[in-house]
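Novice: Structure incoming, see below.
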Amino acid sequence: MCRPLCSSTNGGSRQNPALTAELARDPLFELANHGFLHRPLSVSGKSAYGIAGTADISQVYDEVMGNQAVLQDIIGHVPGFFRPGTAYFDDVAAAITRRLGLLPVNFTINGDGGATFAPSTVAAEVGKARNGDIVIAHFNKPGSATAAGLAQALPRLLGQGATFGKLGAVLPL
């Protein structure tokens with residue numbers, strides 16, 4: 001069983017360029033584009049989780065390519081994957097992402113509810129992962145229960161023979 005692992009970055013890469021560069025050098029990580037302002041990607045302004053989406057093609061472009069430029073400057077290469085803030089794409093915005101040379105990717109399991117789940121819930125959700133699943137979890141909130149929940153789930157998954165892979169290894173561009 002192989003579950004893709006990818007670390008996506010948004011505007012936080014601008015705020016923490018040294019940490020972004022450090023993660024990019026770590027062979028266990030693959031950095032991907034998560035948008036410049038962490039906005040839902042839409043050509044009509046559709047919101048998600050109370051966050052206003054991009055309103056037109058120009059804003060879709062800015063959301064995708066603004067962070068693409070930041071990441072390229074910091075990590076030295078162009079990321080190949082994109083997941084928008086709030087994980088929302090409309091069909092047109094996803095097509096634009098593809099035309100810009102990025103593969104739009106989302107997740108199949110919400111591992112930590114945006115860093116709001118208790119450790120036991122994180123462990124239960126992550127423990128549901130099966131071959132091909134992409135689990136989202138938030139490590140940018142150190143006070144959350146994400147790390148404790150993963151510490152419970154990962155040994156069980158590994159004991160069941162699970163393996164993990166970076167998106168570029170399992171979803172070649």
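The values are calculated or read from the model by the stated rules, or taken from the named source; none is laboratory data. These figures come from a predicted structure and were not determined experimentally. Note that we place each Cβ from the backbone using ideal geometry, even for glycine, and neighbour counts take in every protein chain shown. Note: areas computed on protein heavy atoms with side chains; ligands, DNA, RNA excluded. Shrake-Rupley method; radii C 1.70, N 1.55, O 1.52, S 1.80 Å.
Novice: For the stretch 117-131, enumerate the residues that are modelled with pLDDT under 95 and over 20 Å from E30 (Cα atoms).
Specialist: R130
Novice: Next up: So, restricting to helices (runs of 4 or more DSSP H) that lie completely within the stretch 54-150, which ones have at least 3 residues that are among the β-branched types (V, I, T) and under 18 Å from the mean Cα position of the chain (by Cα)?
Specialist: Passing ranges, in order: 57-75.
Novice: Can you tell me which residues in the stretch 93-128 are out of contact with any strand residue (DSSP E or B) (no Cβ under 9 Å at 6 or more places or on another chain) and open to solvent by 60 Å² or more (accessible area, probe 1.4 Å)?
Specialist: Passing the criteria: R99, T116, S120.
Novice: May I pose another question? Pairs only if they're at least six apart or on different chains, beta carbon under 9 angstrom, first in the stretch 64-85 and over 13 Å from F36 (Cβ atoms) and of a type in the set (A, V, I, L, M, F, W, C), second in a loop (DSSP other than H, G, I, E, B) and open to solvent by 10 Å² or more (accessible area, probe 1.4 Å); list them, first residue then second.
Specialist: From the stretch 64-85, the pairs are V78/G101; F81/C6; F81/E30; F81/V105; F81/L171; F81/L173.
Novice: For the subset of the stretch 8-28 comprising residues that are surrounded by fewer than 18 Cβ atoms within 10 Å (Cβ to Cβ) and of a type in the set (G, A, S), which member is modelled with the lowest pLDDT?
Specialist: Per the criteria, the residue is G11.
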